[in-house]
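Peer 1: Got a structure for you, written out below as structure tokens; questions coming shortly.
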């Protein structure tokens, strides 16, 4: 759980009681507690009015910062939209499941399950902590869906409302199905083992009456194991045969079938005990291996695409009314209203208002773009100024982002890489069949027909590659959980093997190799104390990130009142402070000659006197240079950026491969660049920050999204890497390679077992007891070897 | 020794009951979330109205 370190408690006097952030100078006091902002304070007020202060008892500072979000939820009153969101509804109650990224500690859990204390119309609420979901039952006549969402937001748990991926029922169903099959197989395995023991240990003569009874009973238990639990292996083997592929499922299905047939034959004819025990054990272990392989992270969504970032509804303007409508009902010619901080859902023309659009989603460019009336505004931008009116020229499905997502290049199936076990199993099946038929043929030539049948079936039974089939899933899932502990989340186990084969790395710049804290600031020129105060007083009025960085850099807590403050977005700010006209902004804004062409330069003018400039440089993630140095030893390095090339000279010391560094790359450029690398037979791993790299991430052989907030951002990719784990990248790659090594060794071990078994099998000497010992023994060896070896390698790679 | 037939019948029946119980639990979603209930049980029922830190 998220317990804070003792250090944090010492500083408690300056910390926000709700979220734990440092409190600014003008503190918000309430109830003898201090808050960093009005948002946190109001959450506390709501909670204390409803006697929910236990929230603060379970964890220190359990809240998340309440930045002022101005979301509009009017659309939730539209029955059509609400109907699509709720799970269940009848005359009085509705049930809805929300995905709430802010859920992170036991306080959250406690609070969200006590919602009924805030409003009595909420019947109950249940949290699924790992999935960060809460399902709420409420009386929809007394308390509308919109009110519910507003209430959740007001206490700091704003749900992510999206029609796309929030609740994934399908996964759950297949998972449950597998567990049922395991349960049946385990149940039968246990009973069969019990009933087989007398046979193994030998029966006294007076007990022989039980022999056939036990045999028939075993057969009854084998039926559900073969036809229910083991069904998938037959289906898969048959499908693969039809596609002329021999995978590991073929010898498995063959082994299961032969074991069942021979057991039926022996028991019915009364000639032997059959191999029911081995059969049930085999299916049981195989299914467990499959279950281990299927483990996924429910709280991360790897399939989320741009649509989940789009609003669920847009405000449609008709003659005299505003009406929210669902996104897919948007038509060409519709007039829509986009408020501050809303995403533009379709390609549109600006009709009214002052549009300043942040396209960082689409292009990666961090500075917002100003649009004039009549200009085309592409979908995916976020309006950061006043409300604007737009006319739709292309509905959602044809817009820019959509066209990128539907690009054939990455709609078309990615070339599926053969895993190691795929390669091995092709040869394995052929060799196995050769041995089986060979043994049978030799015995038949000698004239021992019964021996021929016995050896043929025994070969197929003993060589059934159970241990072989388990070595990959167990190794890879151990690696998965090691990576997970290091905040590196893979979509599935196959990604590990893919990672081990990578020979080329492509990095995106912004958000990937840059640190989340932002900029490195330096100032050219002289400033005295008073001038610093003037600049700081003016800049703190602006919400622009560079202004905020400036205020932080100056670090003076003395402010003067500002008169006639003006902000021209994308240009600069000005105002009169202590009777002096202070102007901060770009060279063109101040009418002076620019020193550099950098976009990251901000000039200062005080009373027409030029005082110098700030230059802002992106700060890199710690240890970037060493990281690049290490990686470049074995991998080709490339860097792509959507930004201007002003950073080139700062990047060169860390990234000395100048001709593999490209700037001003659009998402399509990035995608094409990766494609061209792949055409030169490179295995490309792409590290990008998110949506604007989505195309490239999908095109690459292994796409990793680097993000500092895994819950909020997870575009279509193979893996998600927490920014904090970025410097461990070489170790992750090493670990993936070691994992493949472990798989190779364990294949060797299980083949040794197979050879030992085959030695007896070809002679027709295989007894049920021998098979019943060898099969579990090899399985246990493989499982313990893979997990111990993988963890030893992890320790060696310092990934514990 | 014929009692063995009866005993084995009993044991299989008992095991079947457990299997059915497991299926029932699965269907009710008892295994869907294995983390949250463990935390939930630690919460106090009532609100002690002092929350001084």
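The values are calculated or read from the model by the stated rules, or taken from the named source; none is laboratory data. Predicted model only: the values in this text are computed from it and were never measured. Cβ sites come from the backbone with ideal geometry, for glycine too, and all protein chains shown count toward neighbours.
Peer 1: Among the listed residues A:26, A:9, A:49, identify the single one that is modelled with pLDDT under 70 and closer than 24 Å to residue B:43 by Cβ.
Peer 2: One residue alone meets the criteria, A:9.
Peer 1: Looking at region A:105-132, which of its residues are part of a strand (DSSP E or B) and within 13 Å of chain B (Cβ to nearest Cβ)?
Peer 2: The answer is A:124, A:125, A:126, A:127, A:128.
Peer 1: Another question, if that's okay. Being more than 11 Å from chain B (Cβ to nearest Cβ) and either within 19 Å of residue A:269 (Cα to Cα) or outside any helix (DSSP H, G or I) (or both) is the filter here, so list the residues in region A:209-232 that pass it.
Peer 2: Scanning region A:209-232 gives A:211, A:212, A:215, A:216, A:218, A:219, A:222, A:223, A:230.
Here is a yes/no grid of residues against (1) part of a helix (DSSP H, G or I); (2) surrounded by 11 or more Cβ atoms within 10 Å (Cβ to Cβ); (3) out of contact with any helix residue (DSSP H, G or I) (no Cβ under 8 Å at 6 or more places or on another chain); (4) modelled with pLDDT under 85:
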residue: B:4; (1), (2), (3), (4): yes, yes, no, yes
residue: B:9; (1), (2), (3), (4): yes, yes, yes, no
residue: B:12; (1), (2), (3), (4): yes, yes, no, no
residue: B:15; (1), (2), (3), (4): yes, yes, no, no
residue: B:19; (1), (2), (3), (4): yes, yes, no, no
residue: B:26; (1), (2), (3), (4): yes, yes, no, no
residue: B:45; (1), (2), (3), (4): no, no, yes, yes
residue: B:49; (1), (2), (3), (4): no, no, yes, yes
residue: B:52; (1), (2), (3), (4): no, no, yes, yes
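Peer 1: Out of the residues in region A:193-204 that are assigned to a helix (DSSP H, G or I) and more than 11 Å from chain B (Cβ to nearest Cβ), which is surrounded by the fewest Cβ atoms within 10 Å (Cβ to Cβ)?
Peer 2: Going through the qualifying residues, I end up with A:201.
Peer 1: Go through region A:456-494 and give me each residue that's at pLDDT 85 or above and in contact with a strand residue (DSSP E or B) (Cβ under 7 Å, 6 or more places away or on another chain).
Peer 2: The answer is A:480, A:483, A:488.
Peer 1: Going by the conditions given, is residue A:535 in a strand (DSSP E or B), farther than 19 Å from residue A:728 by Cα and touching a strand residue (DSSP E or B) at 6+ places or on another chain (Cβ under 7 Å)?
Peer 2: no
Residue by residue, here is whether (1) within 14 Å of another protein chain (Cβ to nearest Cβ); (2) at pLDDT 80 or above; (3) part of a helix (DSSP H, G or I) holds:
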residue: A:2; (1), (2), (3): yes, no, no
residue: A:39; (1), (2), (3): no, no, yes
residue: A:75; (1), (2), (3): no, no, yes
residue: A:101; (1), (2), (3): no, no, no
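Peer 1: Return yes or no: is residue A:324 assigned to a loop (DSSP other than H, G, I, E, B), touching a residue at least 40 places away in the same chain (Cβ under 8 Å), surrounded by 19 or more Cβ atoms within 10 Å (Cβ to Cβ) and assigned by TED's automatic domain parsing to the domain that holds residue A:394?
Peer 2: no
Peer 1: Another question, then. Taking region A:717-756, which residues are outside any helix (DSSP H, G or I), surrounded by fewer than 22 Cβ atoms within 10 Å (Cβ to Cβ) and touching a helix residue (DSSP H, G or I) at 6+ places or on another chain (Cβ under 8 Å)?
Peer 2: Within region A:717-756, none qualify.
Peer 1: Looking at region A:133-151, which of its residues are in contact with a helix residue (DSSP H, G or I) (Cβ under 9 Å, 6 or more places away or on another chain) and within 12 Å of chain B (Cβ to nearest Cβ)?
Peer 2: Listed by number, the list holds a single entry, A:134.
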